[in-house]
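The structure appears below as structure tokens.
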Amino acid sequence: MGTREQIVDAANRLFYQQGFEPTSFAMIAEAVGISRGNFYHHFKTKDEILRAVIEARVASTRKMLAAWTDGSADPLDRVRRFVEIVVVNRGDIESYGCPVGTLTNELAKLGHPSRAHAVGVFELFRAWLREQFEELGFAAEADDLAMHVLAFSQGVATLSNAFHDGDFVHREVDRINTWLTERLASRSSADGTH
């Protein structure tokens, strides 16, 4: 990994764990183990680093979604992979919240112009979930269902961060998975496609 990539990786971690506003150039440089002069060679402003962090998050999200799509022919299995993010990443979420939600919330409070760019990760999830629901036969309501699953994810992440209750997270994941199964069964019944 080159120096620029190391800076972006360290900034991504620090923005998540400490927040964008409290994280200084010095903290990022120290985390990477470089001088401030070397740091400024790669990034002149904190906003430049923020843009690079958001771009890295968008790229890694695209890669993850592509892997989920390639990993299963069943769109319901793919949606379940998304739902289980709150279990897979429970330790970080309990400590710091959802990386996407916390950054977009902070940027909104700051009135920062990069907020719209940061929302791009949510937009990727929304579009990908919508595609899965369309494949499952929910064309007319695919976007509503995608937003419902996104809202579930954000709500569980927020409460996991607040209460540090792993049992709650598992119960909620089980509930949304049951809801998905029932929703699919009700669509199949309505269509007569059992």
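What is the number of the single condition among (1) under 23 Å from ALA190 (Cβ atoms); (2) at pLDDT 95 or above that SER153 does not meet?
So SER153 meets the others, but not (1).
Tell me the residue from THR158, THR102 that is within 16 Å of VAL83 (Cβ to Cβ), open to solvent by 20 Å² or more (accessible area, probe 1.4 Å) and polar (S, T, N, Q), please.
Exactly one residue qualifies, and that residue is THR158.
Would you mention how many residues in the range 37-71 are surrounded by 13 or more Cβ atoms within 10 Å (Cβ to Cβ) and assigned to a loop (DSSP other than H, G, I, E, B)?
Of the residues in that region, 1 qualify.
Being over 30 Å from ARG126 (Cβ atoms) and part of a helix (DSSP H, G or I): is that true of ILE28 here?
Criteria met by ILE28.
Say we look at the range 13-22 and pick out the residues that are surrounded by 21 or more Cβ atoms within 10 Å (Cβ to Cβ) and either among the hydrophobic types (A, V, I, L, M, F, W, C) or touching a Lys or Arg at 6+ places or on another chain (Cβ under 8 Å) (or both); which of these is farthest from ALA108 (Cα to Cα)?
Only one residue fits best here, namely PHE15.
Considering only residues of the range 106-122 that are in a helix (DSSP H, G or I) and within 12 Å of ARG57 (Cα to Cα), which is most open to solvent (accessible area, probe 1.4 Å)?
Ranking the candidates gives HIS117 first.
Residue pairs, Cβ under 7 Å, 6 or more apart or interchain, first in the range 7-36 and of a type in the set (Asp, Glu), second open to solvent by less than 50 Å² (accessible area, probe 1.4 Å) and not in a loop (DSSP other than H, G, I, E, B). List them.
GLU21/GLU106
The values are calculated or read from the model by the stated rules, or taken from the named source; none is laboratory data. All values derive from a computational prediction rather than experimental measurement. Cβ sites come from the backbone with ideal geometry, for glycine too, and all protein chains shown count toward neighbours. In case anyone asks, the SASA skips ligands and DNA or RNA and just uses the protein heavy atoms, side chains included. Shrake-Rupley method; radii C 1.70, N 1.55, O 1.52, S 1.80 Å.
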